[in-house]
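The values are calculated or read from the model by the stated rules, or taken from the named source; none is laboratory data. Fair warning: this is a prediction, and the values are worked out from it, not measured in the lab. In this analysis, Cβ positions are derived from the backbone assuming ideal geometry, glycine residues included, and neighbour counts consider all displayed protein chains. Each accessible area value is taken on the protein alone, full model and side chains, heavy atoms only, with ligands, DNA and RNA left out. Shrake-Rupley method; radii C 1.70, N 1.55, O 1.52, S 1.80 Å.
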Amino acid sequence: MSGYFSSSVGRKFFMALTGLFLVFFLLVHLIANLTLFFGADSFNATAEFMGTNPVIQVMQPLLALGFIAHIITGIILELKNNSSRPIKYTKNNVGANSTWMSRNMIITGLMIFAFLALHIINYFIPIKTTHVENHYELVVGLFKNPIYAGIYVLAFIFLGLHLMHGFQSSLTTTGIRQEKYQKCIKTLGTIYSLVVALGFISIAVWFHFA
Amino acid sequence: MNLTLKIWRQKSPKDKGQIVEYKVNDISEHMSFLEMLDVLNEDLVAKGEEPVAFDHDCREGICGMCSLHINGEAHGPDRLITTCQLHMRTFKDGDTIFIEPFRSKAFPIIKDLVVDRSALDRIQQAGGFISVNTSGNTQDANAIPIAKAAADESMDAATCIGCGACVASCKNASAMLFMSAKVSQYALLPQGRVEAADRVTNMIKQMDKEGFGNCTNTGACEVECPKGISLNNIARLNREYLKASI
Ligand code: HEM
Ligand code: SF4
Ligand code: FES
């Protein structure tokens, strides 16, 4: 098994597993955030649950590890792939054979990472280090700031683009892909990416203007 | 038609190399791309210049020798063809055409447009075969029943001609489509199952040693492959390798 994970194919499998774990996490996170629409009481209850539920407490460090592993493996992958063609083409018509999303996973990924850092500074650290009475107020207050809301929307556009390729790519990497499922996988990937990106964006836009 | 060609010229593996511009005139639309280059080389020889070195052999789409990255795509803009099957009717009078070698760390340039693709042969030699002698006591071909669907898929994978267009098109210069075709053609048949685990393990080890990049499923290979080898094979390769490792 150690030979497996040090091979190119094994490393990609690890990338896909961490990616799929993050895909699952995003769905949970989105559902939690959507309770904002039901008002302060329900969101504060959700925040309370997230802060105290033992399963969530166990998952939090795992999630951090998952993120770090995904990012480090992604950067190693990118460096290796870049060095595999030391002299580039003078003319390369990449648009003819692949999507922008599939070619720029490192860019969309690093944008998500930049947002993640901001999110941790603005929300995660305050709620862990100080006693926040009203999570709803904290979150809605952040969305009122046009710069924060703008960055938030942009970040989730990048996330949507990352997932548009990442979702279906991970099912090829893990070997789940088969001819008969492929159409379904692609549709599911598009729906998932749109729901997640537009879900988070709609929250930011709504509370910015509300 | 009259064309401007921008061709990569490089005297030797060590030479730095550069794009050089040439003009060719009175090219017939019925010519193949290689015939057009023959015309250019005749011109160059007549002028006492060094002709452009490029690979070719069968000139009918079966050997996989002709390479060339033409106007930014392996084997040019047309689909499901090799460069020898690309016709000049795909271009217009007055066009400028970029002609570059297949680029990858694993494909060192020998001269001009000729690259060394023996890395693919070494992957094949690492496991892309079945260890039985066929001479003497050959078994009847129909003695082992094989489902039609599996036989068809295996044959589809076996049409890979090892041209390296997948590597040349891939942003990561990954050889995974080639690998996956070679692994799939055996993995789908009972005769190939016996050595399946060793085959995939050894071939992947060799692929990584050759310096190819890692697959990120962009699908550029599948679009540019002259034989239409599908990404489904890459998923199968990933399954085979996982199975072999646990
Ligand atoms: C919540 C956030 C994220 C999710 C849900 C996510 C999801 C995914 C998925 C599903 C894949 C496909 C894996 C595969 O096919 O093997 C992937 C690939 C990748 N991700 Fe992420 N990712 C996230 C964040 C990041 C971040 C922060 C980076 C920063 C470097 C990043 C960089 C990459 C790279 C470089 C790839 C490989 C490209 C490829 O395989 O096509 N990702 N991601
Ligand atoms: S998979 Fe297609 S592009 Fe790659 S070597 Fe085989 S025939 Fe050529
Ligand atoms: S010369 Fe044989 S495939 Fe083109």
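Taken along the Cα-to-beta-carbon direction at a fixed 7 Å, the label points for A:ASN145 and A:GLU133 span 2.1 nm.
Estimated from the Cβ-Cβ distance and a Förster radius of 30 angstrom, the FRET efficiency linking B:THR159 and A:ALA64 is about 0.05. For A:ASN93 and A:LEU198, what is the calculated FRET efficiency with R₀ set at 35 Å and r taken between the beta-carbons, to the nearest 0.05? E(calc), rounded to 0.05, equals 0.65. Between region B:186-222 and region B:169-184, the C-alpha centres lie 8 angstrom from each other.
Excluding B:PRO145 itself, what net charge comes from residues whose Cβ is under 15 Å from its Cβ, given Lys and Arg +1 and Asp and Glu -1?
Net of charged neighbours comes to 0.
Ranked by the mean number of other Cβ atoms within 10 Å per residue, highest first, peptides B:188-199, B:107-118, B:14-25 order as B:107-118, B:188-199, B:14-25. Applying 1/(1 + (r/R0)^6) with r as the Cβ-Cβ distance of B:ASN25 and B:ARG89 and R0 = 22 angstrom yields a FRET efficiency of 0.85. Between A:LEU79 and A:LYS180, the modelled labels are 4.4 nm apart [label points 7 Å from Cα along Cα→Cβ].
Under 5 Å from the amide H of B:ILE97 lie the amide H atoms of B:THR4, B:LEU5, B:LYS6, each residue being 5 or more positions distant or on a separate chain, with H modelled from the backbone and absent for Pro and chain starts.
Can you tell me the convex hull volume per residue for region B:1-141, based on C-alpha atoms, in Å³ to the nearest whole number?
That works out to 159 Å³ per residue.
Structure note, pairs A:LYS186/B:LYS209; A:LYS91/A:LYS183; B:LYS182/B:LYS227; B:LYS6/B:LYS111; B:LYS105/B:LYS227: Cα-Cα distances above 22 angstrom occur for A:LYS186/B:LYS209; A:LYS91/A:LYS183; B:LYS105/B:LYS227.
Mean Kyte-Doolittle of at least 1.6 and a Cα length of 24 Å or more along the axis: which whole DSSP H helices of chain A meet both?
A:8-34
Counting charges near B:GLY72 (Lys, Arg +1; Asp, Glu -1) among other residues having Cβ under 10 Å from its Cβ returns a value of -1.
P(r) tail, region B:117-245: Cα-Cα pairs separated by more than 21 Å, 38% of all pairs. Listed by chain and number, the aspartates and glutamates whose C-alpha is less than 17 Å from the C-alpha of A:LYS12, apart from same-chain residues fewer than 8 away, are A:GLU78, B:ASP208, B:GLU240. From helices alone, chain A scores -27000 deg cm²/dmol at 222 nm; the rule is -39500 (n - 2.57) for each run of n ≥ 4 DSSP H residues, then divide by the residue total.
With a 1.4 Å probe and all protein chains kept in place, how do B:CYS66, B:CYS58 rank by accessible area, largest first?
Of B:CYS66, B:CYS58, the descending order of accessible area is B:CYS58, B:CYS66.
The residues packed around A:ALA45, meaning those with a beta-carbon under 15 Å from its beta-carbon, carry a net charge of -4 if Lys and Arg are +1 and Asp and Glu are -1. Label zone of A:ILE157 (point 7 Å out along Cα→Cβ, amide N under 19 Å): in region A:186-206 this covers A:193-206. Evaluating 6.51 cos²θ - 1.76 cosθ + 1.60 at θ = phi - 60° for every residue in region B:143-156, the Karplus couplings come out as 5, 9, x, 10, 4, 4, 4, 5, 4, 4, 5, 5, 5, 4 Hz, glycine and proline recorded as x.
Shown here are the Rg and Dmax of the Cα trace of the protein assembly as shown, at 26.5, 88 Å.
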